[in-house]
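Report on one structure; see the data block that follows.
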Amino acid sequence: MGNIEISFTTTNSPARRILELDGLRGIAIALVLMRHYIHHPTLLLLGPQWGWMGVNLFFVLSGFLITSILLRLTDQPGALKVFYARRSLRLFPLYFLALLVYFVASASVGTPQPPRTVLLYISFLQAFLPPLITHLKIVPHPDWVVMGFGVLWSLSVEEYFYILWAPLVAFTRARRGPLLIILALILLLTPWARYFYPDPKGGQELFLAQMDSLAAGCLVGIVWQDHGPRWRTHLQRHAPRLYGCVAALIALAVWIDFATGITKRSVFDQRIFNATDYTVLWLAWSLWLLVTLAVSGTSGMLPSVLRLPLLRWLGRISYCLYVVHYPIYLALRNYMPHSAALIAGLVASLGISALSWRYFEGPIARWKQHAFRYPMTSQPEAP
């Protein structure tokens with residue numbers, strides 16, 4: 001969820017910011033907000049029911065952006081250390097501040113967290129333990145705190161992705177053959193891992209269950225780096241058909257959810273859903289990302305929508321918004337009516353996230369640009 005501001009260069013053009021990627025991130029966080037904040041039974045069937053798909057869009061974007069940076073750092077001495085320093089400065093300050101608030105809040109309502117809980121979350125290991133173990137045996141707390149902790153599982157997934165993928169790219173010296181073989185194996189084997197997982201209703205938040213969405217983004221990063229300039233015109237010409245394919249894939253993912261029963265009472269239905277739906281999703285998001293890269297900067301309707309200031313603003317503050325929005329709502333629900341808690345929670349989350357970017361995350365991001373520069377002339381992350 002830690003958003004990356006990135007610019008790209010080709011041999012024929014100067015570095016430029018791809019504004020539409022902020023818009024895609026804005027859509028991802030909007031989907032997550034819909035999932036957690038819109039509970040009306042009729043409205044659920046019109047979209048919010050599937051807001052969880054936004055997390056997978058975040059994963060695809062992260063895989064793409066991180067890989068795009070790493071490919072440009074090949075053979076740059078000391079680049080990996082700078083990469084980890086910059087990633088740490090982007091993710092750690094807000095993450096550990098949120099943990100401090102959660103731990104203090106839990107203690108203030110009479111349920112201080114034991115050391116094992118603190119260790120679990122400060123080490124980002126929550127995505128390596130089944131939620132049933134994490135929530136019931138390691139983290140004793142009232143409901144709004146457990147959900148506050150619960151949304152951090154995706155940050156655990158991303159953190160270990162950074163830890164594992166960056167050295168792999170460096171070790172292989174970004175040779176496409178080994179990287180493509182690794183990504184292909186992940187894409188092929190992860191659905192089977194989800195299918196055969198012993199507890200099919202509790203394994204979706206594990207690192208191993210989400211590797212294919214990240215790998216799909218990595219694959220788009222490699223493909224665009226190698227073929228983007230040659231494919232751009234062709235993709236632009238066929239963009240309407242490709243958008244239709246994206247819509248069809250998303251519709252298929254929704255249909256699979258219906259066909260396997262939204263409540264997933266059957267273990268077999270849950271296994272089929274796990275194996276197929278996430279696969280269809282990474283196909284949809286990866287294709288949308290690829291087309292977005294091709295049409296960026298054009299006057300088409302969809303790229304224009306992705307450049308809307310509101311969407312880009314949501315994308316910019318999405319990291320804090322993801323971390324704080326749900327625990328704030330759940331805490332307020334204990335003190336006010338449900339509908340009032342939803343409105344107050346949304347307003348408070350947006351306000352806190354905006355202030356965080358202006359006075360906390362933003363200054364840190366600007367400082368890291370000067371303190372930890374990559375050993376190259378053109379910086380892959382825009383200031």
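The values are calculated or read from the model by the stated rules, or taken from the named source; none is laboratory data. On a predicted model such as this, the values are computed, not experimentally measured, just so you know. Backbone-built Cβ (ideal geometry, glycine too); neighbour counts: all protein chains shown.
Tabulated data for the structure shown
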{"read-out": "Residue within region 274-282 that is in contact (Cβ under 8 Å) with a residue 60 or more places away in the chain, surrounded by fewer than 15 Cβ atoms within 10 Å (Cβ to Cβ) and out of contact with any Ser or Thr (no Cβ under 7 Å at 6 or more places or on another chain) present", "value": "no"}
{"read-out": "Residue 286, sole failed condition from (1) of a type in the set (Gly, Ala, Ser); (2) closer than 30 Å to residue 198 by Cα; (3) over 17 Å from the mean Cα position of the chain (by Cα)", "value": "(3)"}
{"read-out": "Residue check for residue 239: closer than 29 Å to residue 186 by Cα, without any contact (Cβ under 8 Å) to a residue 40 or more places away in the chain and small (Gly, Ala, Ser)", "value": "no"}
{"read-out": "Residue in region 332-344 that is among the β-branched types (Val, Ile, Thr), closer than 30 Å to residue 240 by Cα and not in a loop (DSSP other than H, G, I, E, B) present", "value": "no"}
{"read-out": "Per-region count, region 249-271, residues free of Cβ contacts under 8 Å to residues at least 24 places away in the same chain, in a helix (DSSP H, G or I) and of a type outside the set (Asp, Glu)", "value": "5"}
{"read-out": "Leading residue by the ranking (modelled with the highest pLDDT) among those in region 134-173 that are in contact with a helix residue (DSSP H, G or I) (Cβ under 9 Å, 6 or more places away or on another chain) and not in a helix (DSSP H, G or I)", "value": "172"}
{"read-out": "Every residue from region 51-61 that is out of contact with any Phe, Trp or Tyr (no Cβ under 7 Å at 6 or more places or on another chain) and either in contact (Cβ under 8 Å) with a residue 40 or more places away in the chain or of a type in the set (A, V, I, L, M) (or both)", "value": "53, 55, 58, 59, 61"}
{"read-out": "Any hit, region 355-373, residues being under 21 Å from residue 150 (Cβ atoms) and touching a residue at least 60 places away in the same chain (Cβ under 8 Å)", "value": "yes"}
{"read-out": "Counted residues, region 110-128 - those being charged (D, E, K, R) and out of contact with any helix residue (DSSP H, G or I) (no Cβ under 8 Å at 6 or more places or on another chain)", "value": "0"}
{"read-out": "Selection within region 223-272 - loosely packed, with under 12 Cβ neighbours inside 10 Å, basic (Lys, Arg) and over 30 Å from residue 199 (Cβ atoms)", "value": "230, 237, 241"}
{"read-out": "Any hit, region 311-320, residues being in a loop (DSSP other than H, G, I, E, B), touching an Asp or Glu at 6+ places or on another chain (Cβ under 7 Å), closer than 27 Å to residue 349 by Cβ and modelled with pLDDT of 95 or more", "value": "no"}
{"read-out": "Count of region 175-199 residues which are among the β-branched types (Val, Ile, Thr) and surrounded by fewer than 13 Cβ atoms within 10 Å (Cβ to Cβ)", "value": "1"}
{"read-out": "Elements of type helices (runs of 4 or more DSSP H) contained in region 29-121, each with 3 or more residues being modelled with pLDDT of 90 or more", "value": "53-72, 79-108"}
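This table checks each residue for (1) in contact (Cβ under 8 Å) with a residue 40 or more places away in the chain; (2) surrounded by fewer than 19 Cβ atoms within 10 Å (Cβ to Cβ); (3) more than 26 Å from residue 155 (Cβ to Cβ).
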position	(1), (2), (3)
284	no, no, no
291	yes, no, yes
305	yes, yes, yes
326	yes, no, no
331	yes, no, no
335	no, yes, yes
